[in-house]
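Accompanying notes for the structure given below.
The values are calculated or read from the model by the stated rules, or taken from the named source; none is laboratory data. Just so we're clear, the structure is a prediction, and the values are computed from it rather than from any experiment. No Cβ is skipped: glycine too gets one built from the backbone with ideal geometry, and neighbour counts run over all protein chains shown. SASA here: full protein model, heavy atoms, side chains in, ligands and nucleic acids out. Shrake-Rupley method; radii C 1.70, N 1.55, O 1.52, S 1.80 Å.
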Amino acid sequence: MEKRNLTVVREFVLLGLPSSAEQQHLLSVLFLCMYLATTLGNMLIIVTIGFDSRLHSPMYFFLSNLAFIDICFTSTTVPQMVVNILTGTKTISFAGCLSQLFFFVTFVNMDSLLLCVMAYDRYVAICHPLHYTATMNLCLCVQLMAGLWLVTYLHALLHTVLTARLSFCASNIIHHFFCDLNPLLQLSCSDVSFNVMIIFAVGGLLAITPLVCILISYGIIFSTVLKITSTQGKQRAVSTCSCHLSVVVVFYGTAIAVYFSPSSSHTPESDSVSTIMYSVVAPMLNPFIYTIRNRDMKRGLQKMLFKCTVFQRNNDLSD
């Protein structure tokens, strides 16, 4: 009888964001617009970098990968949430919940580690400019990306397998808009101490280590920038880093608030808002940050739009 009770939960109910029925529909429109902006903005970055040969450098290679990951990141949670609101169906199967958890953990860690690699790229470019081409070659860039995918895949698989082994025999209501680790652990009637230990050990290693490396890289970068005598050189060095730093602050500030704050401070409302900031808002802002504040990206975008306009005019004249 006990075993039968332990296998009762076959699906979960995602309550979504705490709001009234009228607000839910407004939220669905808002998040759909944000998702479309994220997808189109990041696709524009990828196309612009591929179109302009002057942007075929390690910095923009990593930026195009970040744009792709951001599209996948938001696609893991937002479409499901919008569909649930519009259809009124808030349930998700156990397998679907684990799949969502796997991909979410994969892409959130990819974002974290890739921001670290991008900080290292800026460190080499500013502190060792003469060795930049030799150090950040295509082979190393590809190897770094392959290594990131392998590490994040194994980490996400670890959490997914450990969560799949838990028993859910009581409530199946998740006070969140997707299947995240903390809400699932709170629902389990099994001993989750090992899962929590893995979150703080392995998860902390993958979150804190990149952040420490980013801080060290930028500490060295700023000390190098201060030694530059040319004002124009200082401004150019700072401009290449400011975009990346803005993304790092938004992403890490909200992610740490969710996963590494005391459990007593966690509420469904605060966790949902913080998660939205780094999983929905940050990926949407990245294209604007990198296109508005990056001179090379603006030139590449203008060049692409100009050629597209000329091509369209030629087609219209030929018709």
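For segment 78-91, what are the residues that are at pLDDT 90 or above and open to solvent by less than 20 Å² (accessible area, probe 1.4 Å)? The one that is at pLDDT 90 or above and open to solvent by less than 20 Å² (accessible area, probe 1.4 Å): V78.
Scanning segment 114-158 for residues that are within 17 Å of the chain's Cα centre (by Cα), of a type in the set (V, I, T) and open to solvent by less than 10 Å² (accessible area, probe 1.4 Å) turns up just one, T152. Given the condition surrounded by 14 or more Cβ atoms within 10 Å (Cβ to Cβ), modelled with pLDDT of 70 or more and either of a type in the set (S, T, Y) or not in a helix (DSSP H, G or I) (or both), answer yes or no: does some residue in segment 296-305 qualify? No, that holds for no residue.
Apart from one condition, F251 fits all of (1) at pLDDT 75 or above; (2) out of contact with any helix residue (DSSP H, G or I) (no Cβ under 9 Å at 6 or more places or on another chain); the exception is (2). For segment 65-98, the tally of residues that are under 17 Å from the mean Cα position of the chain (by Cα) and more than 16 Å from I276 (Cβ to Cβ) stands at 7. Within this structure, A119 passes the test of being assigned to a helix (DSSP H, G or I) and more than 26 Å from Y35 (Cα to Cα).
Within segment 208-229, the set of residues being in contact with a Cys (Cβ under 7 Å, 6 or more places away or on another chain) and free of Cβ contacts under 8 Å to residues at least 40 places away in the same chain is empty.
Applying a threshold of 6 Å to beta carbon distances and a minimum spacing of six or more residues, or different chains, the list of pairs starting in segment 230-244 at a residue that is on the phi > 0 side of the Ramachandran plot and ending at one that is among the β-branched types (V, I, T) is empty.
Per the conditions (1) surrounded by fewer than 19 Cβ atoms within 10 Å (Cβ to Cβ); (2) within 16 Å of the chain's Cα centre (by Cα); (3) under 30 Å from S171 (Cβ atoms), the sole criterion not satisfied by M43 is (3). Close contacts from segment 55-66, counting a first residue that is open to solvent by 30 Å² or more (accessible area, probe 1.4 Å) and a second that is of a type in the set (D, E) and not in a helix (DSSP H, G or I), with Cβ to Cβ under 9 Å and a gap of 6+ residues or different chains, come to none at all.
Given D70, D111, which one is open to solvent by less than 10 Å² (accessible area, probe 1.4 Å) and closer than 25 Å to G219 by Cβ? Matching residue, one of D70, D111: D111.
For segment 9-27, the criterion of being crowded, with 21+ Cβ neighbours inside 10 Å and of a type in the set (D, E) is met by no residue. Screening I92 against (1) assigned to a helix (DSSP H, G or I); (2) touching an Asp or Glu at 6+ places or on another chain (Cβ under 7 Å) leaves a single unmet condition, (1).
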